[in-house]
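Structure record follows, encoded as structure tokens.
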Amino acid sequence: MLILNDTNRNKHMFAFIGKDLILRANGDALTEKDFINLQKAMPYDIIFSEPENNITAIGILCKDKAGNPTASSLPTEYTTLSIRLYNTGQTEENVTCILRAKGLMEWLRETKYCPVCGTKLTPHKEQTAMVCPDCGKMIFPRIEPCIIVLVRKGNKMLLARHVQRNQDIYACIAGFMETGETAEQAVRREIMEETGLTVKNIRYFGSQSWPFTSQLMIAFTAEYESGELNIQESEIKHAAWFSKDECPATPQPGSIAHKMIHSF
Ligand SMILES: [Zn+2]
């Protein structure tokens, strides 16, 4: 159950600004008092709690009404840290809670009106869902599955610099699943589209929630089967085969891509 505009004390209290978490300057988690301070000091658009998961969260706006960045006006007793960095070294319960809180926040931001009749949605009284008071349509938090794959060829792995994201690092091939596809079909399609290669022996590796926004990364390994590297320039800047010893800069710890690359 979601309670909007609620600041009741819960075990996990998170404040987000963009992809960062706000912590006390010494790195400690926020208290109820900090929550009240932040509400007074900073512009925010969403505040909610989910009692059954012991979560309370506030979404601080990255820009104020005049369009000025707000991070510089954060009171000095607080600091920010990338959620990705915060996740490393945390318990599984803490990681799950923060990803859930962030995912629900992003979902609430874009789930305000009924997609059937356009009426303003309200929180469901029992479930974590929004409901249309007019036509009864229920909207549940959305998850968008993506595949991410590490392709092997002998003792080398295929890594690529992407055009649109994290251009300074080499990462695995990844993309959204399309309607009607299996995950394995998505793996074959994405690799063919982005690199011109075919693969075999697709094996499940693991998965990771990645709520920026609402993604579930489903990770696979695969073996090179045939073809010459022929990159899709609209998506990939450069792709090549790397051995473990000549591995370039890769995604940070805490990501499933990092785990796959460094367990190669
Ligand atoms: Zn409706």
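In degrees between 0 and 90, to the nearest 10, how far off the longest principal axis of the chain does helix 92-109 point, with axes built from Cα atoms? With both axes taken from Cα atoms, the answer is about 70 degrees.
The Cα atoms of the chain define a convex hull whose projected area, averaged across directions, is 16.5 nm². Under 13 Å of direct C-alpha separation, and excluding same-chain neighbours fewer than eight residues apart, LYS244 reaches no aspartates and glutamates at all. Residue farthest toward the positive end of the dipole of the stretch 50-147, with Cβ of Lys/Arg at +1 and Asp/Glu at -1: which of ILE60, ALA71, CYS135? Going by the charge dipole, the pick is CYS135. Per residue, the accessible area of the chain comes to 52 Å² when a 1.4 Å probe rolls over the protein heavy atoms.
Helix 183-195 and the longest principal axis of the C-alpha atoms of the chain enclose an angle of approximately 70°. Scanning the chain for GluC sites (Glu not before Pro) that sit in a DSSP loop and have at most 11 other Cβ atoms within 10 Å, the longest stretch containing none of them is 1-76.
Against the chain, whose longest principal axis comes from its Cα atoms, helix 32-41 is set at around 90 degrees. Oblate is the label for the stretch 1-98, because the ratio a/c of its alpha-carbon gyration tensor axes (a ≥ b ≥ c) is 1.5 or higher and a/b is not greater than b/c. As a fraction of the 1.4 Å probe accessible area of the chain, surface on carbon and sulfur atoms comes out at 49 percent.
With the simple model of a label 7 Å out from the Cα in the direction of the Cβ, ALA29 to ILE3 spans 1.8 nm. Think of it as helices only: each DSSP H run of n ≥ 4 in the chain is worth -39500 (n - 2.57), and spread over all residues that comes to -6000 deg cm²/dmol at 222 nm. In the chain, the sites counted are trypsin sites (Lys or Arg not before Pro) in DSSP loop states with at most 13 other Cβ atoms within 10 Å, and the longest stretch holding none of them, exclusive of the sites, is 166-264.
Straight-line cross-link partners of LYS120 among the lysines, defined as a Cα under 24 Å from its Cα and at least 8 positions apart when in the same chain: LYS65, LYS102, LYS112, LYS137.
For every other residue with a beta carbon closer than 11 angstrom to the beta carbon of MET105, add +1 if it is Lys or Arg and -1 if Asp or Glu, then tell me the sum.
Values: positive: ARG100, LYS102, ARG109; negative: ASP45, GLU50, GLU106, GLU110.
Counting the neighbours of MET105, the net charge comes to -1.
Rounded, prolate or oblate for the stretch 51-143? Axes are the square roots of the Cα gyration tensor eigenvalues, ordered a ≥ b ≥ c, and the cut-off for rounded is a/c under 1.5. Oblate is the answer for the stretch 51-143, as a/c is 1.5 or above yet b/c matches or exceeds a/b.
With a simple spin-label model that places each label point 7 Å from the Cα along the Cα-to-Cβ direction, the separation between THR122 and SER234 comes to 4.5 nm.
For the stretch 106-224, averaging the sequence separation of C-alpha pairs within contact (under 8 Å, six or more residues apart) and dividing by the residue count gives a relative contact order of 25 percent.
Sort the stretch 182-264 into rounded, prolate or oblate with this rule: let a ≥ b ≥ c be the square roots of the eigenvalues of the Cα gyration tensor; rounded if a/c is under 1.5, and if a/c is not under 1.5, prolate when a/b is larger than b/c, oblate otherwise. Please list the in-between numbers first.
Working: a/c = 1.41, a/b = 1.18, b/c = 1.20.
In terms of gyration-tensor shape, rounded.
Here the relative contact order of the chain, from alpha carbon pairs under 8 Å that lie six or more residues apart, stands at 17 percent.
The values are calculated or read from the model by the stated rules, or taken from the named source; none is laboratory data. Remember, it's a predicted structure, so these values are computed and weren't measured experimentally. So basically every Cβ, Gly included, is an ideal-geometry build from the backbone, and we count neighbours across all protein chains shown. Just the protein is used for accessible areas: all its heavy atoms, side chains included, with ligands, DNA and RNA removed. Shrake-Rupley method; radii C 1.70, N 1.55, O 1.52, S 1.80 Å.
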